[in-house]
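The values are calculated or read from the model by the stated rules, or taken from the named source; none is laboratory data. Fair warning: this is a prediction, and the values are worked out from it, not measured in the lab. In this analysis, Cβ positions are derived from the backbone assuming ideal geometry, glycine residues included, and neighbour counts consider all displayed protein chains.
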Amino acid sequence: MIELEGLTKRYGEKMAVNHLTFTVRPGIVTGFLGPNGAGKSTTMRMLLGLDRPTAGDVRIDGQHYDRLKDPLKYIGALLDAKAMHGGRSAFNHLLCLAQSNGIPRARVHEVLDTVGLTAVAKKKAKGFSLGMGQRLGIAGALLGDPRILMFDEPVNGLDPEGIHWIRNLMKSLAAQGRTVFVSSHLMSEMALTADHLVVIGQGRLLADTSMADFIRQNSRSYVRIRSPQRERLLDVLHGAGITVVEAGGEALEVDGTKSEHIGELAAQHQLVLHELSPQQASLEEAFMQLTAESVEYHAHSDPGLGATAPAAAPPVAPPAGQQQAPQWGNDWKKG
């Protein structure tokens, strides 16, 4: 279990993390989300004692990280896949970590096999591709067979097979009763992997809830209907006190009413339906809705690429009902 209580980090005038309080529990995959610059990496560094908090506290199974004996047996982490000596082989890199934490040599062979690097165990890490380096970093996190795993952007550089593998690995670790805490900007992957979400923006906690509740609370759910008897269907729905929004393509949208009820009404009045589908926003849409006011890095059109807006013009507010989407450019390291 990971526990944060009032965790705060300030760099001069910059408040990177602002009184974060939440608990990462075992048995589930907890996703850690936030726009670039939200304070995710700083929070993870404080968990491992790499940055000292300005205020507040963070504990690993009830203890501070620097009090843990053989910490790799308590928590394994991947924060930077390039944080290794390039002149060492994959095997020797892991062996050094193992020897520093009282881990048997045989365990090095086991984790290399788990991540699929046995065939290149004797090769120097500096020759590894981004994906291979990522696998080696994951091997290091697994080395001590810890009860707590923490990954920052674990799918970075992995091919489709590798992404599928790490997704199932994290789910398997959680199913074993371990604590799994993972940060990623890939919303599609997070939606497939995480059971619970912690969302921060500008260093502050924005949400600490289940995946299903997060999407439901931060997005619109509605039922989409299409019928060749559109006008009659409108009359029936209005007669039942149901508010209908006319959408494009002859479709109708209904908020706050279950699709079963609409289907029963249509059947009672012998109406033909070509579509009756509940619509739920994606994790990405819900995330952008919640964090729209917390995005620190906004990109704008380059006039040299055909934009007609004058230089230095103020940002244009999005249309009513829409939110400015966060931009995932080269600032990913600031997260």
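Please go through segment 1-15 and pick out each residue that is hydrophobic (A, V, I, L, M, F, W, C) and at pLDDT 95 or above.
So the first thing to find is which residues in segment 1-15 are hydrophobic (A, V, I, L, M, F, W, C), and the list is 1-2, 4, 7, 15.
Selection gives ILE2, LEU4, LEU7.
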**Asked** So SER227 fits all but one of (1) in contact with a Leu (Cβ under 6 Å, 6 or more places away or on another chain); (2) at positive phi; what number is the exception?
**Response** (2)
**Asked** Among the residues of segment 218-246, which ones are exposed (fewer than 15 other Cβ atoms within 10 Å of the Cβ) and in contact (Cβ under 8 Å) with a residue 40 or more places away in the chain?
**Response** ARG220, SER221, PRO228
**Test set (1) assigned to a helix (DSSP H, G or I); (2) assigned by TED's automatic domain parsing to the domain that holds LEU273 - LYS171 fails condition number** = (2)
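Out of segment 1-58, which residues are in a strand (DSSP E or B) and out of contact with any strand residue (DSSP E or B) (no Cβ under 8 Å at 6 or more places or on another chain)? Break it down into steps so the answer makes sense when it comes.
Going through segment 1-58, the residues in a strand (DSSP E or B) turn out to be 2-11, 14-24, 29-33, 55-58.
Those that are in a strand (DSSP E or B) and out of contact with any strand residue (DSSP E or B) (no Cβ under 8 Å at 6 or more places or on another chain): TYR11, LYS14.
Residue check: is VAL254 part of a strand (DSSP E or B), surrounded by 17 or more Cβ atoms within 10 Å (Cβ to Cβ) and under 36 Å from the mean Cα position of the chain (by Cα)? Lay out the reasoning, then the answer.
Numbers: part of a strand (DSSP E or B): yes; surrounded by 17 or more Cβ atoms within 10 Å (Cβ to Cβ): yes; under 36 Å from the mean Cα position of the chain (by Cα): yes.
In short, yes.
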**Asked** Of (1) surrounded by fewer than 15 Cβ atoms within 10 Å (Cβ to Cβ); (2) hydrophobic (A, V, I, L, M, F, W, C); (3) touching a residue at least 24 places away in the same chain (Cβ under 8 Å); (4) within 16 Å of ALA281 (Cα to Cα), ALA212 satisfies all except one. Which?
**Response** (3)
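Which one of these is hydroxyl-bearing (Ser, Thr, Tyr) and in contact with a Phe, Trp or Tyr (Cβ under 7 Å, 6 or more places away or on another chain): SER188, SER221, SER183? Don't jump to the end; show me each part of the working.
Details: SER188 fails: in contact with a Phe, Trp or Tyr (Cβ under 7 Å, 6 or more places away or on another chain); SER221 fails: in contact with a Phe, Trp or Tyr (Cβ under 7 Å, 6 or more places away or on another chain).
Result: SER183 is the single residue among SER188, SER221, SER183 that is hydroxyl-bearing (Ser, Thr, Tyr) and in contact with a Phe, Trp or Tyr (Cβ under 7 Å, 6 or more places away or on another chain).
I'm checking my understanding of the structure. Among residues of segment 207-225 that are of a type in the set (S, T, N, Q) and not in a loop (DSSP other than H, G, I, E, B), which one is farthest from SER277 (Cα to Cα)? I'd like the intermediate steps shown before the answer.
Kept after step one, since they are of a type in the set (S, T, N, Q), are these residues of segment 207-225: 209-210, 217-219, 221.
In the following step, the residues that additionally are not in a loop (DSSP other than H, G, I, E, B) were identified as 209-210, 217.
Numbers: THR209: 26, SER210: 24, GLN217: 20 Å.
Residue satisfying both the conditions and the ranking: THR209.
Take segment 1-19 and flag every residue that is crowded, with 16+ Cβ neighbours inside 10 Å and over 21 Å from LEU68 (Cβ atoms).
Filtering segment 1-19 for residues crowded, with 16+ Cβ neighbours inside 10 Å gives 2-4, 7-9, 15-18.
Listed by number, the residues that qualify are THR8, MET15, ALA16, VAL17, ASN18.
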**Message:** When you scan segment 84-101, do you find a residue that is over 20 Å from LYS171 (Cα atoms), part of a loop (DSSP other than H, G, I, E, B) and without any contact (Cβ under 8 Å) to a residue 40 or more places away in the chain, even just one?
**Reply:** yes
